[in-house]
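We did not get these values from a lab; they are worked out from the coordinates using the rules stated. These figures come from a predicted structure and were not determined experimentally. Glycine gets a Cβ as well: all are built from the backbone with ideal geometry, and neighbour counts include every protein chain shown.
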Amino acid sequence: MPSLSVMMKDIFLESFCYNQHMKHIILVTGNGRKLGEAKAALKDFDIGVSNIKLDIDEIQARNPIAIAKHKANEAFNQINKPVVVTDTSWDIPTLNGFPGGYMKDVADWFMPRDFIVLLSSHKDKSISFMETIVYQDDKQTKVFSQKFRGIIADKPRGTGNSIEQLAEFDGYTIGERQQKGRFSYDPKDYVWYKFAQWFVRQDI
């Protein structure tokens, strides 16, 4: 992994290449899908996106906004520049909100069949996820959240990890959308639009 100083140099050069009148954010993520979703939405607002991957110790908490705010503060302290972070929290109501902010680990541990078996004796197959975006600089913390509701499919479809093959929204699993080169949602329906509408009005 490149040193932090090398990564910061790369970000500076990338942001310098953008039009001087174009706004720009540093997104803290190593997730290609999240980076792609951000770029797809923010290009409509002429907002450039650079990304950096940082080692951040996440707090153990049930509150997804608290987790995201902590990540943003830690990232800002590491690079001393305005940053944007995202965090996703999942909720399966019939399983009392499981797995919350731990879906990344659970989806690696579970096969699709494991989720199906867990829900086999329950009529409620609903699932939702809340995507949270946090902007952090030396003066402010700004939070944007949006919840999406779907169902657990009766069999895996598409590519990706176990939950991506099962979580169905508007008739398609996330895995099917990825297989077709699409994102979880249309960028215009995503929380990034809320962020962009606020960001373009700021003197940042």
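Assorted remarks:
- Entry note, the chain: relative contact order of 17 percent, from Cα contacts under 8 Å with a spacing of 6+ residues.
- Value of relative contact order over segment 88-178, rounded to a whole percent, pairs C-alpha under 8 Å and six or more apart: 24 percent
- Using the Cα coordinates of segment 4-199, the gyration tensor eigenvalues translate into equivalent-ellipsoid semi-axes of 31, 18, 15 Å, sorted from longest to shortest.
- Within segment 94-204, the proportion of Cα pairs with more than 18 Å between them is 56 percent.
- The lysines within cross-link reach of residue 142, meaning a Cα-to-Cα straight distance under 27 Å and a gap of 8 or more places when in the same chain, are 9, 23, 34, 39, 43, 53, 69, 71, 81, 104, 188, 194.
- Computed from backbone phi, the HN-Hα couplings of segment 65-70 come to 5, 4, 5, 5, 5, 5 Hz, rounded to whole numbers (Karplus: 6.51 cos²θ - 1.76 cosθ + 1.60, θ = phi - 60°; Gly and Pro given as x).
- The stretch between residue 62 and residue 33, if pulled fully straight at 0.36 nm per residue, gains 8.0 nm over its current Cα-Cα span.
- The local environment of residue 54, defined by Cβ-Cβ distances under 12 Å, has a net charge of -1 under the rule Lys, Arg +1 and Asp, Glu -1.
- Here the sum of -39500 (n - 2.57) over DSSP H runs of 4 or more residues, divided by the residues of the chain, equals -10500 deg cm²/dmol at 222 nm, to the nearest 500.
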